[in-house]
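The values are calculated or read from the model by the stated rules, or taken from the named source; none is laboratory data. The shown structure was predicted, so the numbers you read here are calculated from the model rather than taken from an experiment. As a convention, Cβ positions derive from the backbone with ideal geometry for all residues, glycine included, and neighbour counts pool all protein chains shown.
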Amino acid sequence: MSCEFKTNADELQGLDSKENIKEDEARSGSKFKQYLAAIICSILPFAQGTVVGWPSTTLPLLQSEDNPIGSTPMTEEDASWIGSLICIGAILSVPVFSYLVNNQSRKMAGYIAAMPLIPSWLLVIFANSKNMLNSARFIAGLSCGGGTVVIPLFVAEISEDSVRGALSTLTVLFFNGGILFAYCAGSYFRFHSLACICLTLVILFIVCFYFVPESPVFLMSRNRRNEAARSLRWLRGDDQGAISTEIAKLRRISQENRERMEAMGLKEALLSRATIKGLTIGLGLCLNQQLSGLYAVLVYTVNIFQESGSSVSPYVATILVGILQIFGSYIASLLVDRAGRRVLLVFSNLCMTTCLGCLGSYFYLKQSTDVSAYGWVPVVSLSTFIVAVSVGPGALFFLIVSEVFSERVRNIATTLCVCSLWLLMFLVGKFFSGAGRLQVEKPKPAAFITGKIMNGREVSPGYQRHYTDSKLSTDFSRDDNGWEEGVVKGNSIHIEVTTCADMSHVSYFVIRGT
């Protein structure tokens, strides 16, 4: 499905004579339509954000005596599957949409990405068993995986260089807005009413997306020059100079990409130093974003505040977290093209580390000390953490991944990074709630560790690499107080992790050392 836009034949005259126009002489076109198109595209991330935020307020209801789909409360194991099954669906759909987006069209892939949300929410509306809910979550994951491939790419391709960073972070802003919407609506609407509301968001996207033109970058890559000019005219306005210049630029880039693809084989390109460096950055950002526990915080927000014993209502605190996440995303959209990616990543990680340290210390002291006077600490720490992660890793992952790979390997490399992100989200979401039940069995103790390590080594101008060693060896010993103290060692990494065998959430922990 595509849109048709009228244009005169003479609009394309003289374009060939302008092929060599310098980019710094190009005039920017109208930005209103670009923002409008980006907002319409971002309705899908908003709808998918409701999928991620839905369990936070719904799981406590499903685990209560008032469970709307069964006669008995759901177990923690059931809840962990509901929280994490969307990630399995996403992992499976990412490679499929990577193929569709490059071999069909960006718009067609966008429609297909939205479609699974319709049967997903219908299953929730008519659910009478946990199996129906699990199926609904898995199907929703198919949409979420497709959305993470299609929408960031589409928005980046319809945007001018001067606003690309801001518009790319807009999709993250709307995704976080969807999470906040689910927090607010889930606190005040009934189980089935909430699903009906979320379903209307999908229909809204499908209707509005019809009026957005196809990506001009995709059209030029298929040598559909007339259609690309129509698309640019809709996006940039009637400034023929800007349109002509951008057409020339896209033709030049398309030609250069074809020449590179002919000069270098795919295997050689994948093993090149630039690709390996890009994968290091992309996978490092995956680890940085998810090993901070972000997904667990978003899915189990109400449960976390209930466990903290804070005097603040868990539902009010959850809504506050959602608002602050929106605030962080907005700050990122303002600063990303001014302060730069690396600066935002460094300062956000420093803030995240401080917040996790305070939160871990609170839960550590809570085991043996009366901390009722400090019930505000979890709320403040978690809220500040959400702002920090929204400014840094949460907002910048898709933007940076779209920038660090050459056209020759971008499809495969981006697919690998996005699949890795969803895999980490599944592991964090699935095992977070069960972490507190882990007991030390003889002779080999076990623990669930969620953390993040920041390495300040610069790998590329404007970027920062964050990584954790994938080969960690853990040696635990038990002291007389029932606390488990382990030393996690890796290449140039030495972290001490302290946790308690009967702690309600051992994923809150204290990190000491370097």
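Summary table
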read-out	value
Residues being in contact with a Ser or Thr (Cβ under 9 Å, 6 or more places away or on another chain) and within 19 Å of ALA37 (Cα to Cα) - total across the range 189-204	2
Residue selected from the range 300-319 under the condition out of contact with any Phe, Trp or Tyr (no Cβ under 8 Å at 6 or more places or on another chain) and of a type in the set (A, V, I, L, M), by the criterion farthest from SER84 (Cα to Cα)	VAL316
Where THR415 falls short, out of the listed (1) in contact with a Ser or Thr (Cβ under 6 Å, 6 or more places away or on another chain); (2) among the polar types (S, T, N, Q); (3) surrounded by 24 or more Cβ atoms within 10 Å (Cβ to Cβ)	(3)
Filter result (outside any helix (DSSP H, G or I) and either at pLDDT 70 or above or not hydrophobic (A, V, I, L, M, F, W, C) (or both)) within the range 250-272	GLY265, LEU271, SER272
Residue identified as touching a His at 6+ places or on another chain (Cβ under 9 Å) and not assigned by the TED database to the domain that holds TYR188 among PHE363, PHE347	PHE363
Qualifying residue in the range 389-407 (condition: free of Cβ contacts under 8 Å to residues at least 40 places away in the same chain and surrounded by fewer than 18 Cβ atoms within 10 Å (Cβ to Cβ))	no
Residue under evaluation ILE40, criteria (1) over 30 Å from GLN240 (Cα atoms); (2) part of a helix (DSSP H, G or I), criterion not met	(1)
Sole exception among (1) over 29 Å from the mean Cα position of the chain (by Cα); (2) surrounded by 15 or more Cβ atoms within 10 Å (Cβ to Cβ); (3) among the polar types (S, T, N, Q) for ASN223, by number	(2)
Residue among SER143, SER168 that is in a helix (DSSP H, G or I) and at pLDDT below 90	SER168
Subset of the range 66-101 (residues that are over 16 Å from THR148 (Cβ atoms) and of a type in the set (Phe, Trp, Tyr))	TRP81
From LEU287, LEU283, residue being more than 30 Å from SER105 (Cα to Cα), assigned by the TED database to the domain that holds PHE385, part of a helix (DSSP H, G or I) and modelled with pLDDT of 85 or more	LEU287
